[in-house]
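Novice: I'd like to ask some things about the structure below.
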Amino acid sequence: MQREIHRVVVTGMGAVTPIGNTTADFWDGLRQGRNGVGRVQAFDPSDLLVQIAGEVKDFDVEQYLERKVARRTGRFAQFALAAGVQALEDGALAVTDDNRDDIGVIMATSGDSFAMGPEWEVYLERGSRGVDPFIVTRMGQHMGAGRLGRQIGVRGPNTTINTACASGTDALGHALSMIRLGHAQALLAGGAEAMITPLSLSSMGRLGALSKNNEDPEHASRPFDARRDGFILGEGAGVLLLESEEHALARGARIYCELAGVGWSFDATDDTAPDPRGQSLAMTRAMKDAGVSPEQVDYLNAHGTSTQYNDRTETQAVKLAMGEDAGRLKVSSTKSMTGHLAAAAGGIEAVASVLALHHGVVPPTINYEEPDPDCDLDVTPNVAVEHAIDVVMSNSFGLGGQNAAAVFRRYG
């Protein structure tokens, strides 16, 4: 018997970001070109190579969690919970005894891998009997999806994804496949990250990946600009509520758009350097999966990290994938405002992409002042523009060669 394939639609969104802690505030920040990058406030960064980041501001976890539970929940999982609850509420999907088994969570995150240093120091100072017994349940990667799923009481698939910076879009792709094949009726899918620590800023700073423009953080993230000098590490979460078309229609849900396709690839070339042919494969596979051609794509939310190598490589990849349509495609990088959320990047950029399609507005690439001849796409500079959008692509390319691209299409 042939398995039925279900269309997948977006019915809710949630966002916790450096430019807004709700979807509405995030969208307001995107439209206005709000900068979310500044000097690190969570700790004193004075001795670090890199002293700037895109931090979430004024986040109140007790809006979502009891204080006792919040204390044993890592910051990344707090963000995942907040964005997931927002998406569920935005989609007006009530979890009941009748549907809880068919609703699940697919979350991309690095967990608290860069925050283990203090816990190791406790072990060295106090020995085995002084160690926190709840390290795994507080800091383990699985707790992004786990905390959200447990708090809302759903028993469908509960899965964690990490494919470096491709993770958020990868999570959307896994959710797409699960719903298409009938393994769930609804999934909260996206990414959450909170890895702004002295260790991460130091390691990535030494690697040469991060901007060291500590004196002018407001202009440090400048994707596709000729003077870009590295990405800005960000934090937060972006989550979509995805449902089968039948499930959404049966309950009268508002449908933002269709998640029409996702494509994956691997560069198979270098541990850090990106490859345009690998990246273009993910884009062409996403379009094939969605059943769209290059001329139908109206807007690209680019990976656009603000590193010299990445932005130049992505430009080449877009040209390979889009051919003669590359020049007319509207392009922007919202990382110019939020910084790079690593495993969560695809999550918040999916939210940005759906909002752009829904409102017919292309968010800007702020700090785009000096065009780079090697990045000669139609980059939307500094100010949002109204534009007819029916199809959006969102790119996520991982450090190490993992690539994923998602295609969203106007529903109808």
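Novice: How large is the dipole of the range 262-409 about the Cα centre if only Lys and Arg carry +1 and Asp and Glu carry -1, each at its Cβ, rounded to the nearest 20 debye? Working shown, then result.
Specialist: Values: 9 positive and 20 negative charges, 89 e Å.
Roughly 420 debye, rounded to the nearest 20.
Novice: Just for the chain, what percent of DSSP beta bridges are antiparallel, to the closest 5?
Specialist: Working: 39 of 62 bridges.
Bridges in the chain that DSSP calls antiparallel: roughly 65 percent.
Novice: How much net charge surrounds THR22 when only other residues with a Cβ under 15 Å from its Cβ are counted (Lys, Arg +1; Asp, Glu -1)? All intermediate terms of the calculation are to be shown ahead of the outcome.
Specialist: Numbers: positive: ARG31, ARG34, LYS57; negative: ASP25, ASP28, ASP58, ASP60, GLU89, ASP90.
Computed value for this residue: -3.
Novice: Still on this structure: Using a ≥ b ≥ c from the Cα gyration tensor of the range 9-250 (square roots of the eigenvalues), is it rounded, prolate or oblate, where a/c under 1.5 gives rounded and otherwise the larger of a/b and b/c decides, a/b for prolate? Numbers along the way, then the final one.
Specialist: Values: a/c = 2.03, a/b = 1.33, b/c = 1.52.
Oblate, since a/c reaches 1.5 and b/c is not below a/b.
Novice: Ranking request for peptides 336-346, 262-272: highest mean number of other beta-carbon atoms within 10 Å first, then the rest in descending order.
Specialist: 336-346, 262-272
Novice: Please report, to two decimal places, log10 I(q)/I(0) for the range 1-127 at q = 0.09, 0.19, 0.21 Å⁻¹ as given by the Debye formula with identical point scatterers on the Cα atoms and no solvent.
Specialist: -0.40, -1.29, -1.43
Novice: Please identify which residues in the range 282-301 have an amide N closer than 15 Å to a label point set 7 Å out from the Cα of GLU324, following the Cα→Cβ vector.
Specialist: 294-296
Novice: Would you order TRP27, TRP120 from fewest to most other beta-carbon atoms within 10 Å of each residue's own beta-carbon? Show your work: numbers first, answer last.
Specialist: On the way: TRP27 22, TRP120 10.
Listed from fewest to most nearby Cβ atoms, that is TRP120, TRP27.
Novice: Taking every eigenvalue of the Cα gyration tensor of the chain, multiplying by 5 and rooting it, what semi-axes result, largest first, whole Å?
Specialist: Working: eigenvalues 171, 160, 68 Å².
Computed over the chain, the values are 29, 28, 18 Å.
Novice: Where a ≥ b ≥ c are the square roots of the eigenvalues of the C-alpha gyration tensor, would you call the range 120-271 rounded, which needs a/c under 1.5, or, failing that, prolate if a/b is larger than b/c, or oblate?
Specialist: Working: a/c = 2.29, a/b = 1.28, b/c = 1.79.
Judged from the Cα gyration tensor, the range 120-271 comes out oblate (a/c at least 1.5, b/c at or above a/b).
Novice: Relative contact order (percent) for the chain, with alpha-carbon contacts under 8 angstrom and 6 or more residues of separation? Before the final figure, lay out each step's value.
Specialist: On the way: 1131 pairs, mean separation 99.2, N = 412.
Once normalised by length, the contact order is 24 percent.
Novice: Also: Using alpha carbon centroids, what distance separates the range 191-263 and the range 337-399, in Å?
Specialist: 11
Novice: Using unit Cβ charges (K, R positive; D, E negative) and no other charged atoms, how large, in debye to the nearest 20, is the dipole of the chain about its Cα centre?
Specialist: Numbers: 36 positive and 53 negative charges, 183 e Å.
Around 880 debye, computed over the chain.
Novice: Please list 62-72, 28-38 highest first by mean number of surrounding beta-carbon atoms within 10 Å per residue. Before the final figure, lay out the partial values.
Specialist: Values: 62-72: 13.3, 28-38: 20.4.
So the peptides 62-72, 28-38, ranked by packing, come out 28-38, 62-72.
Novice: What percent of all Cα-Cα pairs in the range 171-242 falls in each 5 Å bin, counting up from 0?
Specialist: Answer for the range 171-242: a P(r) of 3, 14, 17, 14, 12, 11, 11, 10, 6, 2, 0 percent.
Novice: While we're looking at this one, here's another question. When only Cα pairs under 8 Å and 6 or more residues apart are kept, what is the percent relative contact order across the range 303-358? The partial results should precede the final answer.
Specialist: Details: 21 pairs, mean separation 20.6, N = 56.
Relative contact order, the range 303-358: 37 percent.
Novice: Just to be sure I understand: of the beta bridges DSSP finds with both ends in the range 262-409, what percent are antiparallel, rounded to 5?
Specialist: Working: 14 of 23 bridges.
Among the beta bridges of the range 262-409, antiparallel pairing accounts for roughly 60 percent.
Novice: I would also like to ask the following. Multiply the residue separation of GLU121 and GLN41 by 0.36 nm, subtract the distance between their alpha-carbon atoms, and state the gained length in nm to one decimal.
Specialist: Values: separation 80, 0.36 × 80 = 28.80 nm, distance 2.28 nm.
Net length gain for the segment: 26.5 nm.
Novice: Right, another one. May I ask you to derive the relative contact order of the range 54-149, considering only C-alpha pairs under 8 Å and at least 6 residues apart, and to give it as an integer percent?
Specialist: Relative contact order for the range 54-149 comes out at 42 percent.
Novice: Further, regarding this structure: Let a ≥ b ≥ c be the square roots of the eigenvalues of the Cα gyration tensor of the range 262-409; is it rounded (a/c under 1.5), or, if not, prolate (a/b larger than b/c) or oblate? Write down the numbers at each step before the final one.
Specialist: Values: a/c = 1.37, a/b = 1.14, b/c = 1.20.
Rounded is the answer for the range 262-409, as its axis ratio a/c remains below 1.5.
Just so you know, all these numbers are worked out from the coordinates, no wet-lab data involved. Keep in mind that what you see is a predicted model, and the values were worked out from it rather than measured. Cβ sites come from the backbone with ideal geometry, for glycine too, and all protein chains shown count toward neighbours.
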